[in-house]
Amino acid sequence: MKTHLRTLQIAFTYIGTIVGAGFATGQEILRFFTRYGHWALITILCSTILFIWLGTKMMVLARRIRANSYEDFNRHLFGEQTGSIISLFTMVILIGVNSIMLAGAGAIFQEHLGFHYQAGLILTILGSYLLLTRGISGILHMNSTVVPLMLTLSLIIVINTMHQPNAEHFLFLQTDSSTFSAWLSPLLYTAFNLGMAQAVLVPLARETEDEKALLRGGILGGAGIGLLLLAAHFAMSSQMPGIMQYEIPMGSIAFRLGAVVQTIYLLLIFLEIFSTFVADIYGVTAQLKQRLPLSQDVIIALLMLTCYLFSQFGFSSLLSVFYPIFGGLALVWGFKLIRTPISPPPEGPKSESGRDETSVTKLKPASRITRK
C-alpha cells in the first residue's frame, strides 16, 4: 500500500512539474502541437513516449548515482566543468521563469480576487516559504492536490467538447508549417521541460528508497502528461483557428462553461503557478546548498527576495533572449541523457531504513564558495 501511494505521489509530482502554468493556459500546447494540425496527434504520441522513457530514466539514474541536486546530475552527464556551467545557466533560467510566474500570481490576485498586486506577491511568497519548510513531502502533497484538480477540469472540458459541432476537427486540421518543424517541436518541448523539471525530479529520486515506485511513477506520470496534452489539443482544435488570437486559449474555453468551471480554472492557474514556484525554488536551493556556506532557510529567503525584486520589473525581454539558447541546450541535454547508460543498481548492505549504503557511482561534492 505504501509503495502504491508513493508511486501516485511521484506520478502526480512529475505531471505537476511538467504541466506548469504555460500548459494550463494552453499557450504551450497551442504553440508546440495544435498549430501543426493533423501532425499534432502523432507528435503528442511521440512526446508522450519520450516523457515516459526519459523522465523515468532520469529519476532512476539520479537515484543510482546518489545525485543530491540537478548540478550533480549534469556533472554526471557532461563532466565536472561543463556540467557546472550548464547548471548555473539553468539556475538563471529557473529564477527568471519564477520571477515572471510570481508576477502572474500577483496579477491573478489583483484582476480576479480584488487584492492589491503586492499583497498577492507577498501571500504567494509566504505560502511558498511555509510549504518549503516541509521539504520534498510538501511538494508531493501539493501536487497530489493540484494534479487531480487538473485532471477533473480536463475531463469536464473534453466531455463538453464532444458535444460541439467541430469535435472531430482535430483529425482534419491543416497547417502551413513545415513537416520538419512539426517533428522538431515534440523533441524540443520534451527536452526543454525535462531540462527544467530536473530541478525537482532529481532530488525527488534521491529521496525515494523504492526504485520500483520511481519506475511506476515515471511511467504513470509520463502517460498522464500525454493524456493531458491530448485533452487540451482536442478541446482547442475544435475552436481553431479563432482560438489562436487569445492570450489564454484554455481560459476562453473554460469561461464558456459557467461560473463553477471558471472558478475551478482560475484556482488551477494559481495553484499551478504556486506549485511550480515552490518546486523550482526547492531545486535551486538544493543546488546552492552545495556552493554556499548558508543554511537552507537563508538560501530560500534570498531566492524568494530575488524573485520578488525581479517580479517588479519583469524578466520577459531578458528571457526572450535566453529561452532559444536554453531550448537548443535542452536538445543537447536530452541527447546526452539518451546516450548515457544507467548505472547498475548499488549492491551492498542496507541500513535499517532500507537505504543502500554503497553506490557504484559516487559524485564529488560541488565546489563550495568559502568566505575569505
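The values are calculated or read from the model by the stated rules, or taken from the named source; none is laboratory data. Quick caveat, the model's predicted, so the values are computed rather than measured. Quick reminder, even Gly has a Cβ in these numbers, built from the backbone with ideal geometry, and neighbours come from all protein chains shown. Keep in mind that these areas ignore ligands, DNA and RNA; they rest on the heavy atoms of the full protein, side chains included. Shrake-Rupley method; radii C 1.70, N 1.55, O 1.52, S 1.80 Å.
Hey, among 184, 214, which residue is without any contact (Cβ under 8 Å) to a residue 12 or more places away in the chain, under 30 Å from residue 75 (Cβ atoms) and either in a helix (DSSP H, G or I) or open to solvent by 50 Å² or more (accessible area, probe 1.4 Å) (or both)? Steps first, please.
Values: 214 fails: without any contact (Cβ under 8 Å) to a residue 12 or more places away in the chain.
Result: 184 is the single residue among 184, 214 that is without any contact (Cβ under 8 Å) to a residue 12 or more places away in the chain, under 30 Å from residue 75 (Cβ atoms) and either in a helix (DSSP H, G or I) or open to solvent by 50 Å² or more (accessible area, probe 1.4 Å) (or both).
Just wondering, is there one or more residues in segment 169-181 that are at pLDDT 80 or above and either touching a Ser or Thr at 6+ places or on another chain (Cβ under 7 Å) or among the aliphatic types (A, V, I, L, M) (or both)?
No, segment 169-181 has no match at all.
Would you point out which residue out of 97, 147 is open to solvent by less than 10 Å² (accessible area, probe 1.4 Å) and in contact (Cβ under 8 Å) with a residue 60 or more places away in the chain? Steps first, answer last, please.
Details: 97 fails: open to solvent by less than 10 Å² (accessible area, probe 1.4 Å).
Unique residue meeting the criteria: 147.
If we keep just the residues of segment 25-64 that are among the aromatic types (Phe, Trp, Tyr) and open to solvent by less than 20 Å² (accessible area, probe 1.4 Å), which is nearest to residue 192 (Cα to Cα)? Outline the logic, then answer.
Step one: list which residues in segment 25-64 are among the aromatic types (Phe, Trp, Tyr), which gives 32-33, 36, 39, 51, 53.
Subset that is open to solvent by less than 20 Å² (accessible area, probe 1.4 Å): 33, 36, 51.
Values: 33: 15, 36: 19, 51: 11 Å.
Filtering first and then ranking leaves 51.
Checking residue 175 against (1) in contact (Cβ under 8 Å) with a residue 40 or more places away in the chain; (2) out of contact with any His (no Cβ under 8 Å at 6 or more places or on another chain); (3) farther than 28 Å from residue 203 by Cα, only one condition comes out false. Which one?
Checking residue 175 against (1) in contact (Cβ under 8 Å) with a residue 40 or more places away in the chain; (2) out of contact with any His (no Cβ under 8 Å at 6 or more places or on another chain); (3) farther than 28 Å from residue 203 by Cα, the one that fails is (2).
Could you name every one of the helices (runs of 4 or more DSSP H) located completely within segment 1-99 that has at least 3 residues being charged (D, E, K, R)?
Details: elements: 2-18, 21-25, 27-32, 39-64, 70-78.
Those helices (runs of 4 or more DSSP H) span 39-64, 70-78.
Give the residues of segment 119-141 that are open to solvent by less than 10 Å² (accessible area, probe 1.4 Å) and more than 16 Å from residue 106 (Cβ to Cβ), sorted by residue number. Even if it seems obvious, please write down each step before you answer.
From segment 119-141, those open to solvent by less than 10 Å² (accessible area, probe 1.4 Å) are 120-121, 124, 128, 132, 138-140; that's our starting set.
The answer is 132, 138, 139, 140.
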